[in-house]
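S.K.: This is the structure, below, for whatever I ask next.
The values are calculated or read from the model by the stated rules, or taken from the named source; none is laboratory data. For clarity, every value in this text was computed on a predicted model and none was experimentally measured. Cβ coordinates were reconstructed from backbone atoms using ideal geometry, including for glycine residues, and neighbour counts include every protein chain displayed.
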Amino acid sequence: MASSTVSEKIRKQLAALPAKPGVYIMRNAKGDVIYVGKAARLKDRVRSYFGSAHGMEPKTFALRQHIEDFEYIVVGNAGEALLLEATLIKRYQPFFNIRLKDDKRYPYLKIDVQNPWPRVYITRRIEKDGARYFGPYASAGSVRATLDLVKKLFPWRSCTKEITGNDPRPCLDYYIKRCIAPCTSYCTKEEYDEVIEQVILFLDGKADDVLRRLKQQMEAAAANMEFERAAMLRDQLRAIERTVERQTVQTTKKEDLDVFGIARDGDQACMQVLFVRGTQMIGRDTFVLDGARDEPDAAVISNFLLQYYEGAQYVPRLVAVPVEPDECETIAELLSEKRGSLVEVRVPTRGEKRHLVGLANENAREALDMMRVKWLADANKTEQALEQLQEELSLPTLPRRIECYDNSNIQGTNPVSSMVVFIDGRPATSQYRRFKVKTVVGADDFATMAEIMKRRFKHAGFSADDTEPTGANHAEPHDSAVSTQQPDSWGLPDLVIIDGGKGQLGAAVAAMREIGAYEIPTVGLAKRFEELFVPGEAEPVVLPRGSEALYLVQRIRDEAHRFAITFHRQLRGKGAIASALDSVPGVGPKRKKALLKKFGSVKAIREAEVDDIASTVGFTRALAEKVKEGI
């Protein structure tokens, strides 16, 4: 729905909506699913998208602009609606939903216990075949690491041959103690089944049961003078004990819980899950969600829990989260139904569980930072991103140098702007610039952007109609008090990104044309949903979801925003401290610094005696009296 006008087709569909709970599916002009939602009353909820835009949330308004068709599914209750919504989000990966990134089929460990001689292997398909499944794992790497560990600790067969017991000799795995060789009848069916049972117990987090059983078997073998077998069991016992020691967490009692942490970065959210069984943290995994921008943590966590446990084969008694998710009670009921007994979803407020949630949050942040570093370090991905940008925006050259500008102010105070530079897809921090806004009064983003663009491109040699010298340096270089850059060292960008919509873009382009910089490709990046506005084009460019180009644009925009906010906070902090002292005649930066170093705050200076102020380095009694009078 390109405009706010509701088509006749949509009107008829709205009139036919039932007043029942269900799930609705929104589609765009191409027929792609762009949003999946749930409703207690479909009739009321779906109609709300097509009513007055006054007071409508930005995300909902943006979604409404793309709706060309919708369908719905009636369900029995709110719980069924919540579950179906999560299932459909995983299936369609709609752009306007919070969704697990690259959610193909997550890998699991499968033990085919229905087979006479079971194996442990990786699968992405869950079937109702009587097998045991463990997972899901976030990646093939994490599931392989678990499989390798289990193989080192337990001697199950990894071959796919038919077991007859008549093979003339075992394979190498037997000699390195990685298999007990059922193929040659070196073990009985009962002995092999015991190994598989130990694997299941270990993956279930019941390592203590495994250790107890192994110890009993070792002692029995020694009593029967089967010393070689006893030695093998002893080595296995020690290996498992070392693994358990590394996994032990600081808990004073046995627990059965999953602990979740969250970290945010622009459109992405990272969820870290710690699996605690007994006193062991038996594993952890990291999941990334897209579409999280402007969504509260409660909504992100709610969506993740539903999508994650929809495919999980095990649900613990307790789910610990950093923030109470939306519809927490309904989620707990659904998980309880899946587990077959009561499940609690809770925000720990003290003790060991709160510490674990903090640990999960910290790990989520580290994982998100690491993913960012890996992406920036991948030359193939950055080159691909630049090529995609050139193609999508029809740029004359590959955008090797990209500059992005963002404004920051709070109710018009201390307005600033930032310029960040990415060269070949990587941040060039030495070329970042900060601008104090000089000519604009109040919160006027358009005028601010016009001023900054004029000042920036004067450094590249463009002339202006005003009398300000071309080489005047108004920008503050990154991490430096005085710029040593010459005007021509700023260079010319291959692409300019303005963080804002059509208004900011129009102001920037007009300013650039005024000083002759009209041939530099410039686009505006919408605050939400990463739509790129091109001058003269009615429709924005929407970069493909999941593309390297989109990820690069997000990184650049978030860096510009971070840089502007940091500078703004510095100015506000300086203003809060300095405002009272700056009005005192004779007190310059050095004397102000000396006072603050001695007394710690303006309040302490105000309460100090004149003699104490006068004894400060650089002060006389007369100046101290002026300070007391001025503040």
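S.K.: Residues being surrounded by 13 or more Cβ atoms within 10 Å (Cβ to Cβ) and closer than 18 Å to Pro94 by Cβ: count how many of those fall in the range 51-64.
M.R.: 6
S.K.: Still on this structure, please answer the following. Residues being surrounded by 19 or more Cβ atoms within 10 Å (Cβ to Cβ), assigned to a helix (DSSP H, G or I) and either out of contact with any strand residue (DSSP E or B) (no Cβ under 6 Å at 6 or more places or on another chain) or in contact (Cβ under 8 Å) with a residue 40 or more places away in the chain (or both): count how many of those fall in the range 117-149.
M.R.: 1
S.K.: Only residues that are under 20 Å from Leu356 (Cβ atoms) and at pLDDT below 85: list them for the range 254-274, please.
M.R.: Matches in the range 254-274: Lys254, Glu255, Asp256.
S.K.: Among the residues of the range 508-518, which ones are among the hydrophobic types (A, V, I, L, M, F, W, C) and farther than 22 Å from Val542 by Cα?
M.R.: Ala510, Ala511, Met512, Ile515, Ala517 - these are the residues of the range 508-518 that are among the hydrophobic types (A, V, I, L, M, F, W, C) and farther than 22 Å from Val542 by Cα.
S.K.: Let me ask you something else. So, in the range 291-328, of the ones that are in a helix (DSSP H, G or I) and of a type in the set (D, E, K, R), which residue ends up nearest to Leu83 (Cα to Cα)?
M.R.: Here the residue is Glu310.
S.K.: Against the definition (out of contact with any helix residue (DSSP H, G or I) (no Cβ under 7 Å at 6 or more places or on another chain), more than 28 Å from Gly501 (Cβ to Cβ) and of a type outside the set (Phe, Trp, Tyr)), how does Arg27 come out, yes or no?
M.R.: Here the answer is no, as Arg27 does not meet what is asked.
S.K.: Taking the range 338-365, which residues are touching a residue at least 12 places away in the same chain (Cβ under 8 Å), farther than 13 Å from Leu274 by Cα and surrounded by fewer than 18 Cβ atoms within 10 Å (Cβ to Cβ)?
M.R.: Of everything in the range 338-365, those that are touching a residue at least 12 places away in the same chain (Cβ under 8 Å), farther than 13 Å from Leu274 by Cα and surrounded by fewer than 18 Cβ atoms within 10 Å (Cβ to Cβ) turn out to be Lys338, Arg339, Ser341, Leu342, Glu344, Arg346, Val347, Glu352, Arg365.
S.K.: Would you check which residues across the range 49-86 are in a loop (DSSP other than H, G, I, E, B), over 18 Å from Ile98 (Cβ atoms) and either among the hydrophobic types (A, V, I, L, M, F, W, C) or touching a strand residue (DSSP E or B) at 6+ places or on another chain (Cβ under 9 Å) (or both) and list them?
M.R.: Scanning the range 49-86 gives Ala53, Met56, Ile67, Glu68, Val75.
S.K.: Can you name every residue in the range 532-548 that is out of contact with any strand residue (DSSP E or B) (no Cβ under 8 Å at 6 or more places or on another chain) and exposed (fewer than 14 other Cβ atoms within 10 Å of the Cβ)?
M.R.: Gly536, Glu537, Ala538, Glu539, Pro544
S.K.: Does Lys38 fit the bill of being in a strand (DSSP E or B), among the charged types (D, E, K, R), in contact with a helix residue (DSSP H, G or I) (Cβ under 7 Å, 6 or more places away or on another chain) and surrounded by 14 or more Cβ atoms within 10 Å (Cβ to Cβ)?
M.R.: When the stated conditions are applied, Lys38 passes them.
S.K.: So, in the range 492-510, exactly how many residues are at pLDDT 90 or above and more than 30 Å from the chain's Cα centre (by Cα)?
M.R.: Residues meeting the conditions: 5.
S.K.: Going residue by residue through the range 83-104, is there one that turns out to be β-branched (Val, Ile, Thr) and more than 27 Å from the chain's Cα centre (by Cα)?
M.R.: No, because not a single residue in the range 83-104 is β-branched (Val, Ile, Thr) and more than 27 Å from the chain's Cα centre (by Cα).
S.K.: Out of all the residues in the range 185-205, which are at pLDDT below 85 and closer than 19 Å to Arg234 by Cα?
M.R.: Leu201, Phe202
S.K.: Starting from the range 593-607, keep only residues that are in a helix (DSSP H, G or I), then list their pairs with residues that are among the aromatic types (Phe, Trp, Tyr) whose Cβ atoms are within a distance under 6 Å, requiring at least 6 positions of separation or different chains.
M.R.: Close Cβ pairs (under 6 Å, with a partner that is among the aromatic types (Phe, Trp, Tyr)) amount to Ile605/Phe599.
S.K.: Right, here's the next one. Return yes when Ala320 is under 28 Å from Ile126 (Cα atoms) and in contact with a Pro (Cβ under 8 Å, 6 or more places away or on another chain) and no when it is not.
M.R.: Taking the combined requirement at face value, the residue satisfies it.
Here's the yes/no breakdown for (1) small (Gly, Ala, Ser); (2) modelled with pLDDT under 65; (3) within 36 Å of the chain's Cα centre (by Cα):
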{"position": "Ser417", "(1), (2), (3)": "yes, no, yes"}
{"position": "Val421", "(1), (2), (3)": "no, no, yes"}
{"position": "Val437", "(1), (2), (3)": "no, no, yes"}
{"position": "Asp466", "(1), (2), (3)": "no, yes, no"}
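S.K.: I'm checking my understanding of the structure. Among residues of the range 205-240 that are of a type in the set (Asp, Glu) and in a helix (DSSP H, G or I), which one is nearest to Glu194 (Cα to Cα)?
M.R.: Asp209
S.K.: Please work out which one of (1) under 30 Å from the mean Cα position of the chain (by Cα); (2) in a loop (DSSP other than H, G, I, E, B); (3) farther than 25 Å from Ala526 by Cβ is the condition Ala19 fails and give its number.
M.R.: All conditions pass for Ala19, except number (1).
S.K.: Continuing with this model, one more query. Here is a check on your reading of the model: is Tyr106 modelled with pLDDT under 85, crowded, with 19+ Cβ neighbours inside 10 Å and not charged (D, E, K, R)?
M.R.: The answer is yes for Tyr106.
S.K.: Moving on to the next point. What number of residues in the range 179-199 are surrounded by 18 or more Cβ atoms within 10 Å (Cβ to Cβ) and closer than 30 Å to Arg284 by Cβ?
M.R.: 5
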